[in-house]
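Asks: Input: one structure, supplied below.
The values are calculated or read from the model by the stated rules, or taken from the named source; none is laboratory data. Computed from a predicted model, the values in this text were never measured in an experiment. Using ideal geometry, Cβ is built from the backbone for each residue, glycine included, and neighbour counts are taken over all protein chains shown. Protein only, heavy atoms only, side chains kept; ligands, DNA and RNA dropped before computing areas. Shrake-Rupley method; radii C 1.70, N 1.55, O 1.52, S 1.80 Å.
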Amino acid sequence: MKKYVLSILVALCMVLCFVPMAAFADDMPTVTINVGGGNVDDDDYQISDSEIKLRKRDVIYELTGTTSKPIWIWGSNNAADIDQAFYIRANGVTVSGGITVQNSPVKMVLDVVAGTDNTISRVYADDLTIKGAGTLRASDIGVTQKTTYMPSALHITDTTVIVTTPASASDSSEWNGPCVLDGNANVTYIGGGRYPALKVGVKSGDSTHSVTLKDNAKLYCLQDDMDAPSPSSVNGLDIFQATPILLQNNSYLEAQGKAGSGEYVGYAITSKGDITVKDKAEIKATAYGVAIGTGGSVEISGGTVTADSKGSNGIYADGTLTISNGATVNASGYWPALFGNGGVSISDSQVEATSSNDIGIFSRDEIAITNSIVKANAADDSDGIGAWNTISVRGSWIETTGSEDYNGGITGSVLFNGNSGTVIGNATLLGDTTLDKGKTLLIPEGTSLTVGEGKTFTNRGTVTVQGSFSADGGTVDCTSHSGGTATCAAQALCDACHKPYGDLAPANHTALTHMEAKAATTEAEGNIEYWYCEGCGKYYSDGTAATEITKEQIVTAKLKPQETATPTPAPTEQPAATAAPAATVQATATPQPTATATPQPTAAATPAPTPKAVPTIPQTGDNSSVTLLFALLLLSGGAYLGMAASKKAKQ
């Protein structure tokens, strides 16, 4: 149990040791001063006719009211006093005389009460902390250069700070040492027209200079009138030494470079150190000179950077320019919009670079583009992307206004030269991509284009598929359909989205069947030769389907049966005498011969039957002798049968 309690106490002590000193400020005694009040002189402060003096450290001076008098605070060169600070709480106060440090160094913590609007014309300290969710207005806020006893530092948290430099100012506001903006800090510096809006890292020999923006912090370094020419170069954020800049989380930096009336114009951001943008941070830089320029390297790993130069480069890095990790960069300039002297590397990002008088993207070393969407717009007769060494492109969508083909250094990608694009190898779109109106994209035979999972391909142009195209988990948003073939029964299918579009093609029959002619009979109808389309269900009289006919027109009627003479059948039993050939001829008894051998009684003569009249056969219109011969044949046969019967009876 004792060990358990001891562990808790040790842990608590460790936590307390790491709590910043400022966190204890609320536990300090508070001295409230109405700065516009009457003269006071006591152990805590003094108000005289000309000034206000704050005499104690480690107490909170809460300031209210309005005064034109300056407020004086005294520093100390005593090492024992270095960690002690002056704590000032601004609660709706106006101090037009500012806060002046005497006998530096001084550490100051300025707490700006939430919801209040305060004006303190000048605030400087060697180590300055500004916190609180109120608003602080000034004409000059900064951090003095370090001394032997105290390093420089700046920390602004949550406060809205607005610094407007007057035209009469003799120089810019100045930051030194490690400078951090975090929380919801929103800091704006507006230049007076002759000097940079803000200088950082001025003190030479100080290796601690840096600028860090994190959380939701914002920093603006703007000009009073960006387009009004200045006789000298007036920058927005002017960074000295090798001071690095880091933006992370959701932080934001905006800067402007002023126009110039002479040879020099202003940069938006100029530095000799590295510039790094991470996460979802953002930089917006606009200038007549270089928008973002550094003697170091620029690394944009995620986030967004917009750099617009009216007379120089959008982004210039004397070292390398690296864009990666889903970053979005849009740069424009008179000279190369993106210039990485030591090399350019673009991966997993979206970049658009536009130069009005030169190459869009350039390096004196090499350029490597991987899994990215890059649009490079250059001046006439200039390459969109150019390098003194090699250019390699892998798995990317490249749009360039130039005619370059990268000497075979491009694979698995889409390359546009002007408005005409071609898929090279097997390409996969790894980002949301748009084929703009007026552009054409060819997917040649043997190549393929795939929309990556979760990505969207938006088609406003014309896609021709000779190879293969698939969404594969992605989305195709198509409002400009093309390709496919319409038939008499079905619309064409778009090559891009595979959806039907347009009108039917009545003359395009893909299921036309030829039927041979068939003669009709008395038992069944026949048909003429014809062609039938199973698609549209229509009949045609020719193989080109030029002449449509009806179903009724293909049918030929059954034949009628032909009428012929019906012969009279012969009797099954005939009398001895046969009928005469004609109805008017009478048959006579046949004479019987006299027996010469054995005498026999004389038989009585058998009377001949009355001959039957032979019916008159209807005439068929054929009066040839064939009919007559046929009738005589019948009569002769009948006579013969009669004689045979008579002879048999006598025996």
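Asks: Look at T487 and say whether it is without any contact (Cβ under 8 Å) to a residue 60 or more places away in the chain, surrounded by 17 or more Cβ atoms within 10 Å (Cβ to Cβ), farther than 30 Å from D432 by Cβ and out of contact with any strand residue (DSSP E or B) (no Cβ under 7 Å at 6 or more places or on another chain).
Replies: Considered against the rule, which asks whether it is without any contact (Cβ under 8 Å) to a residue 60 or more places away in the chain, surrounded by 17 or more Cβ atoms within 10 Å (Cβ to Cβ), farther than 30 Å from D432 by Cβ and out of contact with any strand residue (DSSP E or B) (no Cβ under 7 Å at 6 or more places or on another chain), T487 comes out as yes.
Asks: Of the residues that make up the stretch 386-400, is at least one touching a helix residue (DSSP H, G or I) at 6+ places or on another chain (Cβ under 7 Å) and at negative phi?
Replies: Yes, the stretch 386-400 has at least one match.
Asks: Hey, another quick one. Given the criteria in contact with a strand residue (DSSP E or B) (Cβ under 7 Å, 6 or more places away or on another chain) and among the hydrophobic types (A, V, I, L, M, F, W, C), does I33 qualify?
Replies: Taking the combined requirement at face value, the residue satisfies it.
Asks: Would a scan of the stretch 71-81 turn up a residue that is at pLDDT 95 or above, open to solvent by 30 Å² or more (accessible area, probe 1.4 Å) and closer than 18 Å to D126 by Cα?
Replies: Yes - at least one qualifying residue is present in the stretch 71-81.
Asks: Moving on to the next point. Would you mind stating whether V414 is modelled with pLDDT of 95 or more, assigned to a strand (DSSP E or B) and more than 22 Å from I300 (Cα to Cα)?
Replies: Criteria met by V414.
Asks: Something else now. Starting from residues that are in a loop (DSSP other than H, G, I, E, B) and among the small types (G, A, S), keep the ones in the stretch 521-544 and report whichever is nearest to Q491 (Cα to Cα).
Replies: So, considering only residues that are in a loop (DSSP other than H, G, I, E, B) and among the small types (G, A, S), the one nearest to Q491 (Cα to Cα) is G535.
Asks: What number of residues in the stretch 391-415 are more than 19 Å from C478 (Cα to Cα) and touching a residue at least 24 places away in the same chain (Cβ under 8 Å)?
Replies: Qualifying residue count, the stretch 391-415: 11.
Asks: Ok, one more. Of all strands (runs of 3 or more DSSP E) completely enclosed by the stretch 257-300, which ones contain at least 3 residues that are within 24 Å of K214 (Cα to Cα) and either out of contact with any Phe, Trp or Tyr (no Cβ under 8 Å at 6 or more places or on another chain) or not hydrophobic (A, V, I, L, M, F, W, C) (or both)?
Replies: Strands (runs of 3 or more DSSP E) meeting the threshold: 269-271, 275-287.
Asks: What are the residues in the stretch 490-507 that are open to solvent by 40 Å² or more (accessible area, probe 1.4 Å) and part of a strand (DSSP E or B), if any?
Replies: Residues satisfying the conditions are L493, P500, Y501.
Asks: Pick out, from the stretch 104-180, the strands (runs of 3 or more DSSP E) lying fully within it that include 1 or more residues that are touching an Asp or Glu at 6+ places or on another chain (Cβ under 6 Å).
Replies: 107-112, 122-125, 127-131, 135-138, 140-143, 153-157, 173-175
Asks: Looking only at the stretch 459-484, filter to residues that are under 15 Å from G421 (Cα atoms) and in contact with a Cys (Cβ under 9 Å, 6 or more places away or on another chain); which one of those is surrounded by the fewest Cβ atoms within 10 Å (Cβ to Cβ)?
Replies: R460
Asks: OK, next. What tally of residues in the stretch 374-410 results from selecting those that are outside any loop (DSSP other than H, G, I, E, B) and modelled with pLDDT of 95 or more?
Replies: Selection size over the stretch 374-410: 16.
Asks: For S297, indicate whether it is under 21 Å from A327 (Cβ atoms) and buried (at least 21 other Cβ atoms within 10 Å of the Cβ).
Replies: Here the answer is no, as S297 does not meet what is asked.
Residue-by-condition table, conditions (1) over 22 Å from I190 (Cβ atoms); (2) open to solvent by 40 Å² or more (accessible area, probe 1.4 Å); (3) of a type in the set (K, R); (4) more than 55 Å from the chain's Cα centre (by Cα):
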site	(1), (2), (3), (4)
R55	yes, yes, yes, yes
I99	no, no, no, no
S104	yes, yes, no, yes
A114	yes, yes, no, no
R122	no, yes, yes, no
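Asks: Looking at (1) assigned to a loop (DSSP other than H, G, I, E, B); (2) in contact with a Phe, Trp or Tyr (Cβ under 6 Å, 6 or more places away or on another chain); (3) not basic (K, R), which one does V31 not meet, given that it meets all the others?
Replies: (1)
Asks: Here is a follow-up. Given the conditions (1) closer than 19 Å to L237 by Cβ; (2) out of contact with any Phe, Trp or Tyr (no Cβ under 6 Å at 6 or more places or on another chain); (3) assigned to a loop (DSSP other than H, G, I, E, B); (4) of a type outside the set (D, E, K, R), report the number of the one that T306 does not fulfil.
Replies: Against the list (1) closer than 19 Å to L237 by Cβ; (2) out of contact with any Phe, Trp or Tyr (no Cβ under 6 Å at 6 or more places or on another chain); (3) assigned to a loop (DSSP other than H, G, I, E, B); (4) of a type outside the set (D, E, K, R), T306 comes up short only on (3).
Asks: Moving on to the next point. Give the stretch 376-394 a look and list any residue that's open to solvent by 50 Å² or more (accessible area, probe 1.4 Å) and within 20 Å of the chain's Cα centre (by Cα), or say none.
Replies: R394
Asks: Taking into account only those residues within the stretch 236-267 that are under 31 Å from the mean Cα position of the chain (by Cα) and open to solvent by less than 10 Å² (accessible area, probe 1.4 Å), which is nearest to D158 (Cα to Cα)?
Replies: S251
Asks: Follow-up question, since we're still on this one. Name the single residue that is nearest to A378 (Cα to Cα) among those in the stretch 418-427 being part of a strand (DSSP E or B) and either among the hydrophobic types (A, V, I, L, M, F, W, C) or open to solvent by less than 60 Å² (accessible area, probe 1.4 Å) (or both).
Replies: So the residue we want is G421.
Asks: Any residue at all in the stretch 131-146 that's surrounded by fewer than 22 Cβ atoms within 10 Å (Cβ to Cβ) and of a type in the set (D, E)?
Replies: Looking through the stretch 131-146, at least one residue is surrounded by fewer than 22 Cβ atoms within 10 Å (Cβ to Cβ) and of a type in the set (D, E).
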